[in-house]
1. Among 21-32, 125-136, 54-65, what's the highest-first ranking by average C-beta atoms within 10 angstrom per residue?
2. Which value, in Å to one decimal place, does the Kirkwood hydrodynamic radius take for segment 8-86 when every pair of different Cα atoms is included?
3. What is the extension gain from residue 124 to residue 63, computed as 0.36 nm multiplied by their sequence separation minus the C-alpha to C-alpha distance, in nm to one decimal?
4. On the principal axes of its Cα set, how long, how wide and how thick is segment 19-161? Give whole Å, largest value first.
5. With a 1.4 Å probe and all protein chains kept in place, how much accessible area does residue 117 have, in Å² rounded to the nearest 10?
6. Starting from the Cα of residue 82, step 7 Å along the direction of its Cβ; do the same at residue 7; then give the gap between the two resulting points in nm.
7. From zero up to wherever the largest Cα-Cα distance of segment 60-103 sits, split into 5 Å bins and tell me the percent of pairs in each.
8. Once both labels are modelled 7 Å past Cα along the beta-carbon direction, what's the residue 281-residue 45 spacing in nm?
Amino acid sequence: MNHFKTYMLLAGLTALFMGAGYLIGGPTGMLIALAFALALNAFSYWNADKIVLRTYGAQEVDESHPEPLIRNYVVDVVEMAQKAGLPRPRVTVIDNAQPNAFATGRDPAHAAVAATTGLLQLLTRDEIRGVMAHELAHVKNRDTLVMTVTATIAGAISALANFAFFFGGSRDEEGNGGGIGGMIGAIAIAILAPIAAMLVQMAISRAREYEADRIGAQIGGDPAALARALEKIEAYARGGYVNHDAERNPATAHMFIINPLAGKGADNLFSTHPATQNRVEALMRLGVGQGARRPAVPITASVVPPSNPGPWG
C-alpha cells in the first residue's frame, strides 16, 4: 500500500509539474517540465535520504564512539532493530540543541535513523529508546520512502513556484497565454504549488505518526516512555530550542517525530503532525507497561536548559 501511495504521489506531483510548465511555457514548457519531473523522481528515489542527511549535517556513529551516551544510543537502536526483524540501519547524530529525531531511506535495507544531540542530552535513556523505536517503526512500515521523497519534491515545488512567479510573464502574447495571462498563471502556481506540497505532507504524515507510535511502543516495550518523550520534545521545541536547519528547510518538517518548526502543533489544516496530546493519550490507552507516570515537563512548560550535559554526563 505504501508503494502504491508513493507511485500515486509521484504521478500527482509529475502532473503538477507538467501543468506548471504549460502555464509558464506552453506545450514546450510542459515537455520540459515532464523531463525534469521524471529526472527528479528517479533522483529522489535513489538519493533523497542522502540529501536529507547532508542537509542536517548528520554524522554516522557506532559502538566505538568515545561518548557513552552515543554508544548507548547506538547499542539500543541496533538491539531494537534486531527485535523488530530489521537490518541494521545507519545510526547518525545531528549537532542541534533541539531534541528531535527522524528516519530516512528508500527501504529497510537502506535505512538510517538520526537523533539530535539535544535529544541525547535532554531525555532519559528509556525515553530515547521510545523515540528511536518510533523511528524504527517508520522503517518497518516502509514510511521512509514516501516521507523522504516528499521532502525532496516538496522543496522542488517551492522552487518551481518561485520560478513561475519571476518568469511566468516572459512569454509574448502570441505564445499561447503570455503577458498578463501568463503572469496570472504564474501567480496561481506560486500560490497553489506550496499549498499542494503542504497538503501532500499532511496526507502522508498524520496517520503514519499514530501508527508509528503504536508499533514503536511494541518495539520499545514502553509506551509511557514514548509518551513522556513526545511531551518533552514538544515542550523544548516550543520553549526556545530553535532548529535553524529545519526553519531553512521546512519541506522536511514532516519527517521529524515532532514538528521542529516554531509555533503550536495541532490537529488543524496547517499542521503536518497530529496534536502531541492526542498522540500521548493514544499511547497511554495502549496499557502496555503498568505504573505509567506522567512526564515531568508538561507541553506548556517554560523550558530552562539543564545545567549538565545529559543523563549520562
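The values are calculated or read from the model by the stated rules, or taken from the named source; none is laboratory data. What you are looking at is a predicted structure, and each value in this text was computed from that prediction instead of being measured. Positions of Cβ are generated from backbone atoms using ideal geometry, with glycine treated the same way; all protein chains shown enter the neighbour counts. Areas reflect the complete protein model, heavy atoms only, side chains present, ligands, DNA and RNA absent. Shrake-Rupley method; radii C 1.70, N 1.55, O 1.52, S 1.80 Å.
1. Details: 21-32: 18.4, 125-136: 25.8, 54-65: 15.2.
Highest-to-lowest ranking by the protection proxy: 125-136, 21-32, 54-65.
2. Working: mean 1/r = 0.0629 Å⁻¹.
Result for segment 8-86, one decimal place: 15.9 Å.
3. Gain on stretching residue 124 to residue 63: 20.1 nm.
4. 59, 31, 22
5. In the full protein context, residue 117 sits at about 30 Å².
6. 3.7 nm
7. P(r) for segment 60-103, in whole percents per bin: 5, 21, 28, 27, 14, 4, 0.
8. Between residue 281 and residue 45, the simple spin-label model gives 4.2 nm.
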